[in-house]
Every structure is written in structure tokens, then in C-alpha cells.
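**Student:** Quick one: this structure, given as C-alpha cells, is what I'll be asking you about.
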Amino acid sequence: MNNNFLSELTIVILTYKTNRDILINCLNSIDKRVNVMIVENSNKFENENEFLDQFLNLSIECTGNNLGFGGGNNFGFKRVNTKFALALSPDTICDKKFFEKLNIYLESDLDFSILGVNFYKEDINKTGHSSYGYFKKNNIGKKFNSTLIEVDWIIGCAIIINLNKFTDKVIFDENIFIYFEDFDLCKRLSKIGEKVLSSKILFIKHIGDSSSIAVIPELKSAAIKFRSWHWRWSEFYFYKKNYGLLHAHKKCSYKLVKFLILMIFFKIRSNNELFNLNKYSFLGLFNAIIGRKSFYRVEY
């Protein structure tokens, strides 16, 4: 691998009290010649010396408090001195040839703003989730070149970013605490004529549902509430911002009644898990509709 490209890439991994083993598995999959910056979305990174001793290509920055996905990543990007950044979630594992193949793009004259990755076929079949997609059906199938396709959105767990394309290195909308920030970024770029590209040869494994709150059994209920609230808040905000208020109401507002009915149903059935899922979905959507900021947090 040519070192010229390595000097132009920094990997930014946003963490929040992330499970140690999950993070180590991610770091072990990264080429040791690539600079990595962990951005800890709190005031302290546990086991800092252990990680710095084990991974010599690593630096660690703490934000001081939880800035959310967009704010935390933007915090890291502003501290990156290279042309390119790879925003990588800690619950990912890069393919053995990932950086060798990434080199093809970074050392070429490819003019891009953001570049997405691919999931293994068996993982797509298992989860039903793709690493890219389309907002409109008539956009499907746009081929860019032999290894790249033009898409409407790419998933946020691994995004290669040309930082020179962004003023002040502000990539994500910090009004969104979590969820839909990748859709929003892609929509914003398409509005100004920038292409969103996805690679067919850059593979990662995305474990998913592996944040600290999701892997601690006693926090399962808190995780359900957190995800439900923020998914619905961010969904409405995304549609309102990118398509207008009327469209957002058309896509989302009817769900308030649905969530309310399901709350009553599962309360009667004494199913606390599904009651909380619908209650916090209702609360997140309601607060988005009345224009409140994304305020719900879980401290642990």
C-alpha cells in the first residue's frame, strides 16, 4: 500500500462509554499505518492508557459532554488535519482488504464529497438492511463507474469524507442528536448538485445495536425508550427540514394516534416493553411536531 494516501486519511471513531471488546475488535481491523482518532462523547475515556499503549496509531479526544452523533463527529473533524476522514462507528469491522481498496479511490483523481461502503451479502440477507438506498424509485440503478454507483443515501456507520468540500468541517446537522443524520447529509449534498457515491468493493461488517446502553442488560428498557424517542423526533425533523412542514405532517402525524392506541393496548396487556416503545415514540414525535429541540437523554 502506498503511504502517500495514508498520510491524507484520518479515521474518526465516535464513542460514548463504548464496550471495550467491541471497540478493540474495530481497532484491530484497521490498518496500523492509518491514523485513528477516538472522540469520546463525555468527559473521560475509560482505559485510555491501555488503548494508547496497544494502538500506537491512536489519539483520544474527549468532548466534555455528550454532543450526539453529529456534534461529536463534527468535534472530531475540526481536529483532523488530513484531506480525508473516515467516520467509522465502533461497532464495525473492516474487511482485510478494505484499506488496500480504499487506496484506489484516495490516490485517484476521483472528485467526491462523501463515499459509502458495502455490506457482505450474507449480512444483508440476515438483517434485511443495505448500506445504501434511494429516496425515489426512478433513481435506482445509476452506475458511476465499474466499482461505484450513484445513490440517494449511504449509511452513517462508515462514510469516507473529503473534508475540503465542507466549510469549517461541519458535516452533520447538530440539531439531530441521533438517527437520520446520514439521510440529512445526503439530501443536503444532492440539493447542491453533489453526487452521493457508494463503493461495491469496500466491505465492512456492521454489528449494530451495540452501543453501551444496548449491550448492558439492565439498561434494555432505557435503550428502548431512547431509540424510540429519538427515531421519531429525528424522522419528523428530517422531513420538515428537507420536504416542508406539510409533507412532514403527512408522513408522520397520523402515527401519534397509532402510538396512543398501542400504548393503551399494551398497558392493558401489561407488556411494559411494548408500552414503553410506543409511549416514547409518541413523546418523541409529539415534541418534534410542536417544535421542541431534541432534548431527551439517558445518563448512565
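The values are calculated or read from the model by the stated rules, or taken from the named source; none is laboratory data. What you are looking at is a predicted structure, and each value in this text was computed from that prediction instead of being measured. Here the Cβ positions follow ideal geometry from the backbone for every residue, glycine too, while neighbour counts run over all protein chains shown.
**Student:** For residues that are out of contact with any helix residue (DSSP H, G or I) (no Cβ under 7 Å at 6 or more places or on another chain) and within 27 Å of Val170 (Cα to Cα), tally how many sit in the range 53-73.
**Tutor:** As a first pass, look at the range 53-73 and keep what is out of contact with any helix residue (DSSP H, G or I) (no Cβ under 7 Å at 6 or more places or on another chain): 53-54, 56-57, 59, 62, 64-66, 68, 71-73.
Then drop every residue that is not within 27 Å of Val170 (Cα to Cα), which leaves 57, 59, 62, 64-66, 68, 71-73.
The number of residues fulfilling the criteria is 10.
**Student:** Let me ask you something else. With respect to Gly70, determine if the residue is within 19 Å of the chain's Cα centre (by Cα) and farther than 22 Å from Arg20 by Cα.
**Tutor:** Working: within 19 Å of the chain's Cα centre (by Cα): yes; farther than 22 Å from Arg20 by Cα: yes.
Taking the combined requirement at face value, the residue satisfies it.
**Student:** Are there any pairs with C-beta distances below 9 angstrom linking a residue in the range 118-129 that is under 18 Å from Ala158 (Cβ atoms) and modelled with pLDDT of 90 or more to a residue that is part of a strand (DSSP E or B) and hydroxyl-bearing (Ser, Thr, Tyr), with the two at least 6 apart or on different chains, and if so which?
**Tutor:** Listed by first residue and then by second, the contacts come to Asn118/Tyr132; Asn118/Ser198; Asn118/Ser199.
**Student:** Same structure again: Just to check your reading of the model, which residue among Phe135, Phe172 is among the aromatic types (Phe, Trp, Tyr) and surrounded by fewer than 18 Cβ atoms within 10 Å (Cβ to Cβ)?
**Tutor:** On the way: Phe172 fails: surrounded by fewer than 18 Cβ atoms within 10 Å (Cβ to Cβ).
When all the criteria are applied, what remains is Phe135.
**Student:** Condition test on Ile178, is it outside the structural domain of Glu46 (by TED's automatic domain parsing), under 24 Å from Gly72 (Cβ atoms), β-branched (Val, Ile, Thr) and surrounded by 14 or more Cβ atoms within 10 Å (Cβ to Cβ)?
**Tutor:** Numbers: outside the structural domain of Glu46 (by TED's automatic domain parsing): no; under 24 Å from Gly72 (Cβ atoms): yes; β-branched (Val, Ile, Thr): yes; surrounded by 14 or more Cβ atoms within 10 Å (Cβ to Cβ): yes.
Judged against the criteria, Ile178 is not a match.
**Student:** Does Ile192 satisfy the criteria of being crowded, with 23+ Cβ neighbours inside 10 Å and assigned by TED's automatic domain parsing to the domain that holds Cys94? Working first, answer last.
**Tutor:** Values: crowded, with 23+ Cβ neighbours inside 10 Å: no; assigned by TED's automatic domain parsing to the domain that holds Cys94: yes.
Considered against the rule, which asks whether it is crowded, with 23+ Cβ neighbours inside 10 Å and assigned by TED's automatic domain parsing to the domain that holds Cys94, Ile192 comes out as no.
**Student:** Could you go through the range 212-227 and let me know if any residue there is more than 23 Å from Ser294 (Cα to Cα) and acidic (Asp, Glu). Spell out the reasoning first.
**Tutor:** If we filter the range 212-227 for residues that are more than 23 Å from Ser294 (Cα to Cα), which is where we start, we get 215-218.
Filter once more, keeping what is acidic (Asp, Glu): 218.
Checked the range 212-227: at least one residue is more than 23 Å from Ser294 (Cα to Cα) and acidic (Asp, Glu).
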